[in-house]
Each structure stands twice: as structure tokens, then as C-alpha cells.
1. Please tell me which of these pairs span more than 18 angstrom C-alpha to C-alpha: Lys68/Lys98; Lys2/Lys98; Lys2/Lys99; Lys39/Lys60?
2. When the chain is treated as a GNM, springs tying every alpha-carbon pair under 10 Å, which of Gly46, Gly32, Gly21 comes out with the largest mean-square fluctuation?
3. Considering every Cα-Cα pair within the chain, what fraction, in whole percent, is farther apart than 20 Å?
4. Of all trypsin sites (Lys or Arg not before Pro) in segment 1-63, which ones are in loop regions per DSSP and have a Cβ with at most 12 other Cβ atoms within 10 Å?
5. Tell me the label-point distance for the pair Ser28, Asp67, using the 7 Å Cα-to-Cβ offset, in nm and rounded to one decimal.
6. Given the rule -39500 (n - 2.57) for each run of at least 4 DSSP H residues, summed and divided by the residues of the chain, what is its mean residue ellipticity at 222 nm, to the nearest 500 deg cm²/dmol?
7. Run the dipole for the chain about the Cα centre, Lys and Arg Cβ at +1, Asp and Glu Cβ at -1, nothing else charged, and hand back the magnitude in debye, nearest 20.
8. Taking the chain as a Gaussian network, Cα atoms linked when under 10 Å apart, which of Asp22, Asp45, Asp82 shows the biggest mean-square fluctuation?
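Derivation of every value follows stated rules applied to the coordinates shown; laboratory data play no part. Keep in mind the model is a prediction, meaning the values are calculated, not measured. Note that we place each Cβ from the backbone using ideal geometry, even for glycine, and neighbour counts take in every protein chain shown.
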Amino acid sequence: MKGSTYRRCYCRGEDGRSLSGDCPQLSSRRHGVYAVRQKLPARADGGRRSFSRSGYESAKKAQECLDKVRALLALPDGNDADGQVRIGDLLESISKDKKAPLPDLEQTRRRFRAGQALVSQLTVGAWLDE
């Protein structure tokens, strides 16, 4: 699936519209921030979606985030459509909350293989019931 890192800024032009990647000051190393965008598997209803996040101060940190997202997307087998939708749901919910950290890969792998819910937090009581 396609994904990339890129630089952008929040400068506005004379008309008030965001310049984004067209800002002439982006050639300066201290101007703008790095962002990540990764295409996610389609929703269960077939709708398109993507993971996006910005605010990284270096390309290296943005690439590390993109690598973590790609590692999470690689958890289900290529022909496991339900698993891909579950991982996509997890990443979509994280993308909506800009402050939420990416989940730990090993913990997500264990929960995915056990068939546990990936989006909600598992309480001790719920874990004991399972």
C-alpha cells in the first residue's frame, strides 16, 4: 500500500488559503514540519481511508512513524481480509486522535492472534472473563 513522508507548513497566502507544500520558505531547513500519510485497507463497507499525522521535526522521525504503521499493517496475512479491516480500524481510530501514540507492535500482535479487540482497551475484569 502506498505511503509517504513529506514536508508542509501552515503558512497562508494573500487569499487566506493554506500554501501547504507550495510555500517558498520550505527550502529553509527550519521552516515547516514533516508529515506521514499511509493508505489503509478499505473499511468493511468498502470505503477508502488513510492514516495521516504531522508535526514531526525531522524526516527521520516521520519515517520511523511510517515504518511502525507499515509493520502494523503487515500483521495479517495478505489474504486475511477481516484481519486487514481490523488493523485498518485500529490505525484509523489512532489517526483521528492526534495525541494518541501508536500501539506497541508485540502487544498488538498478541491481541490480534488471540482474536481480542484491537480498538478498545481491555480491562483486567474483561481479560479474566476471557
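1. On the way: Lys68/Lys98 16 Å; Lys2/Lys98 21 Å; Lys2/Lys99 24 Å; Lys39/Lys60 20 Å.
With Cα atoms farther than 18 Å apart: Lys2/Lys98; Lys2/Lys99; Lys39/Lys60.
2. Looking only at Gly46, Gly32, Gly21, the largest GNM fluctuation is found for Gly46.
3. On the way: 4389 of 8385 pairs.
Of all Cα-Cα distances in the chain, 52 percent exceed 20 Å.
4. Numbers: sites: Lys2, Arg7, Arg8, Arg12, Arg17, Arg29, Arg30, Arg37, Lys39, Arg43, Arg48, Arg49, Arg53, Lys60, Lys61; in loops: Lys2, Arg17, Arg29, Arg30, Arg43, Arg48, Arg49.
Counting only loop positions with at most 12 other Cβ atoms within 10 Å, the trypsin sites (Lys or Arg not before Pro) in segment 1-63 are Lys2, Arg17, Arg29, Arg30, Arg48.
5. Computed distance between label sites Ser28 and Asp67 equals 3.1 nm.
6. Details: 4 runs with 47 residues, N = 130.
Theoretical 222 nm ellipticity from helices: -11000 deg cm²/dmol.
7. Working: 25 positive and 17 negative charges, 124 e Å.
In total the dipole reaches around 600 debye.
8. Asp45
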